[in-house]
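One structure is given here, and the rest of the page talks about it.
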Amino acid sequence: MRIGVITFPGSIDERETAAAVEAAGAEPIELWHNEANLARVDAVVLPGGAAHGDALRPGALAALSPVSEPIRRHAEAGGTVIGIGNGFQILTEAGLLPGALLPNEGGCFETAMVRVRVETTGEELQLPLAAGHA
């Protein structure tokens, strides 16, 4: 399996993500955010890090990148798309996930294990959360 790892200006976790993809037995394919052709990958990962800086809504800027439309088409065709950290924010800002992200109530960075439900299957997962700033 070939998994595209998207790099945006200012992102910092693409190397770790590519290493994790390789450790899982897949081939990481590095893709710059201006690359619009996802035909050579089976899945796409938008890694964490400070895409377009870690200022107000960096995902909104990244969602305007040329790769956003091919990611949308890939997802609509049933392809796997994973967003980690700011990658998740990018998917939300691009309209690929419903809702919006809000700052934590206390305005501070928080870590916790959270329970989420996969809407299409009803499966529940325990996932680590590490996010938030005012």
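Scanning the range 15-32 for residues that are closer than 19 Å to residue 79 by Cβ and touching a Pro at 6+ places or on another chain (Cβ under 7 Å) yields 17, 18, 21. Of all residues in the range 100-132, exactly one satisfies the criterion of being open to solvent by 80 Å² or more (accessible area, probe 1.4 Å) and touching a residue at least 40 places away in the same chain (Cβ under 8 Å), namely 101. Would you mind stating whether residue 82 is modelled with pLDDT of 80 or more, buried (at least 19 other Cβ atoms within 10 Å of the Cβ) and under 23 Å from residue 41 (Cβ atoms)? Judged against the criteria, residue 82 is not a match. Quick check, is residue 97 at pLDDT below 90, closer than 20 Å to residue 119 by Cα and surrounded by fewer than 19 Cβ atoms within 10 Å (Cβ to Cβ)? So residue 97 fits the description; yes. When the range 1-44 is filtered for residues that are over 17 Å from residue 71 (Cα atoms), assigned to a strand (DSSP E or B) and open to solvent by 60 Å² or more (accessible area, probe 1.4 Å), only 27 remains.
Take residue 67 and decide whether it is closer than 22 Å to residue 127 by Cβ and open to solvent by less than 30 Å² (accessible area, probe 1.4 Å). So that I can check it myself, show each step before the final result.
Numbers: closer than 22 Å to residue 127 by Cβ: no; open to solvent by less than 30 Å² (accessible area, probe 1.4 Å): yes.
Answer is no for this residue.
The values are calculated or read from the model by the stated rules, or taken from the named source; none is laboratory data. As the structure is a prediction and not an experimental result, all values here were calculated from the model. Positions of Cβ are backbone-derived with ideal geometry, glycine not excepted, and every protein chain shown enters the neighbour counts. Only protein heavy atoms, including side chains, enter the accessible area calculation; ligands, DNA and RNA are left aside. Shrake-Rupley method; radii C 1.70, N 1.55, O 1.52, S 1.80 Å.
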